[in-house]
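The structure appears right after this line, and notes come after that.
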Amino acid sequence: DSGVTQTPKHLITATGQRVTLRCSPRSGDLSVYWYQQSLDQGLQFLIQYYNGEERAKGNILERFSAQQFPDLHSELNLSSLELGDSALYFCASSGTGTGSYEQYFGPGTRLTVT
Amino acid sequence: DAKTTQPNSMESNEEEPVHLPCNHSTISGTDYIHWYRQLPSQGPEYVIHGLTSNVNNRMASLAIAEDRKSSTLILHRATLRDAAVYYCILTESYNAGNMLTFGGGTRLMVKP
């Protein structure tokens with residue numbers, strides 16, 4: 001158990017809909033990351049938040065957005081869903097400071113768009 | 001981000017040591033070398049990381065070449081549970097954390 005929780009585990013929805021994925025980081029971790037894993041693209045970094053502020057952006061579509069709340073949990077919002085958005089979405093968290101810190105990943109949310 | 005090169009797949013026998021290589025010839029002086037693995041149907045899992053010196057932890061050892069252009073992840077006694085995709089990733093030191101750029105990784109198969 002990594003200490004990172006994600007809900008829901010599975011999500012099935014139709015094209016055009018909007019969904020929200022939720023992530024609770026490990027206790028004390030200020031950084032939260034979102035990744036997408038699809039069969040054709042592999043694991044891709046989407047976005048990072050640090051203590052409530054957006055810190056880095058990767059290959060995140062404009063239809064996707066995220067936020068980190070004062071209690072440090074994070075939500076990833078996916079809208080106008082397309083079939084190609086079907087994927088596993090992972091959240092990770094890490095400590096911060098000088099040096100380099102390992103990331104701890106949650107179990108993921110499997111999104112199926114039909 | 002500096003890139004890494006890993007073999008697509010490797011095979012090992014159970015209870016034997018496994019050496020997983022990674023080339024990173026364009027590594028910069030401040031890049032850390034991280035290894036993660038992903039077991040089937042699970043999220044990635046941190047294995048080990050280092051900067052210049054070899055590192056050991058309960059899961060594995062990391063051997064870093066003197067010029068830092070390559071590294072090797074060593075699993076001392078492979079078990080069936082070690083069958084996974086292993087990713088070698090370079091990250092910069094950044095006090096707010098840093099994203100991971102995953103490549104294709106090495107798929108390790110462990111034979112009983």
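The values are calculated or read from the model by the stated rules, or taken from the named source; none is laboratory data. The structure presented is a predicted model; accordingly, all values stated were derived computationally and were not measured. Cβ atoms come from the backbone with ideal geometry, glycine included; neighbour counts cover every protein chain shown.
The listed residues are B:THR52, B:THR72, and the only one of them that is over 30 Å from A:GLN6 (Cα atoms), assigned to a loop (DSSP other than H, G, I, E, B) and either within 14 Å of another protein chain (Cβ to nearest Cβ) or modelled with pLDDT of 95 or more (or both) turns out to be B:THR52.
Based on what the data block shows, is B:TYR86 on the phi < 0 side of the Ramachandran plot, of a type outside the set (Gly, Ala, Ser) and in contact with a Lys or Arg (Cβ under 6 Å, 6 or more places away or on another chain)? Even if it seems obvious, please write down each step before you answer.
On the way: on the phi < 0 side of the Ramachandran plot: yes; of a type outside the set (Gly, Ala, Ser): yes; in contact with a Lys or Arg (Cβ under 6 Å, 6 or more places away or on another chain): yes.
Yes.
Filtering segment A:11-23 to residues that are within 25 Å of B:TYR46 (Cβ to Cβ) and not hydrophobic (A, V, I, L, M, F, W, C) leaves only A:ARG22. Has segment B:7-20 got any residue that is at pLDDT below 95, within 14 Å of chain A (Cβ to nearest Cβ) and not in a strand (DSSP E or B)? No. Within segment B:32-45, the set of residues being within 9 Å of another protein chain (Cβ to nearest Cβ) and among the charged types (D, E, K, R) comprises just one member, B:GLU45.
Of the residues that make up segment B:30-51, is at least one of a type in the set (Lys, Arg), in contact (Cβ under 8 Å) with a residue 12 or more places away in the chain and crowded, with 21+ Cβ neighbours inside 10 Å? Quick ask: steps written out before the conclusion?
Applying the first criterion (of a type in the set (Lys, Arg)) to segment B:30-51 yields B:37.
Next cut, in contact (Cβ under 8 Å) with a residue 12 or more places away in the chain only: B:37.
Then keep just the ones that are crowded, with 21+ Cβ neighbours inside 10 Å; that gives B:37.
Yes: segment B:30-51 contains one or more residues that are of a type in the set (Lys, Arg), in contact (Cβ under 8 Å) with a residue 12 or more places away in the chain and crowded, with 21+ Cβ neighbours inside 10 Å.
Condition check for B:ALA63 on (1) surrounded by 19 or more Cβ atoms within 10 Å (Cβ to Cβ); (2) among the aliphatic types (A, V, I, L, M); (3) away from chain A (no Cβ under 14 Å); (4) without any contact (Cβ under 8 Å) to a residue 24 or more places away in the chain: one failure, at (1). Taken together, A:SER94, A:SER74, A:SER65, A:SER24 contain a single residue that is within 15 Å of the chain's Cα centre (by Cα), of a type outside the set (A, V, I, L, M, F, W, C) and within 15 Å of B:MET99 (Cα to Cα), which is A:SER94.
Among the strands (runs of 3 or more DSSP E) confined wholly to segment A:28-114, which include 3 or more residues that are within 9 Å of chain B (Cβ to nearest Cβ) and either surrounded by 21 or more Cβ atoms within 10 Å (Cβ to Cβ) or among the basic types (Lys, Arg) (or both)? Walk me through how you get there before you give the answer.
Working: elements: A:31-38, A:42-50, A:53-57, A:64-68, A:74-78, A:87-94, A:103-105, A:109-113.
It comes to A:31-38, A:42-50, A:87-94, A:103-105.
For B:THR91, all conditions in the list (1) polar (S, T, N, Q); (2) more than 14 Å from chain A (Cβ to nearest Cβ); (3) part of a strand (DSSP E or B) hold save one; what is the number of the exception? (2) is the only condition that B:THR91 fails.
So which residues in segment A:1-45 are among the acidic types (Asp, Glu) and under 15 Å from A:GLN103 (Cα atoms), if there are any at all?
Applying the first criterion (among the acidic types (Asp, Glu)) to segment A:1-45 yields A:1, A:29, A:40.
Scanning segment A:1-45 gives A:ASP1, A:ASP29.
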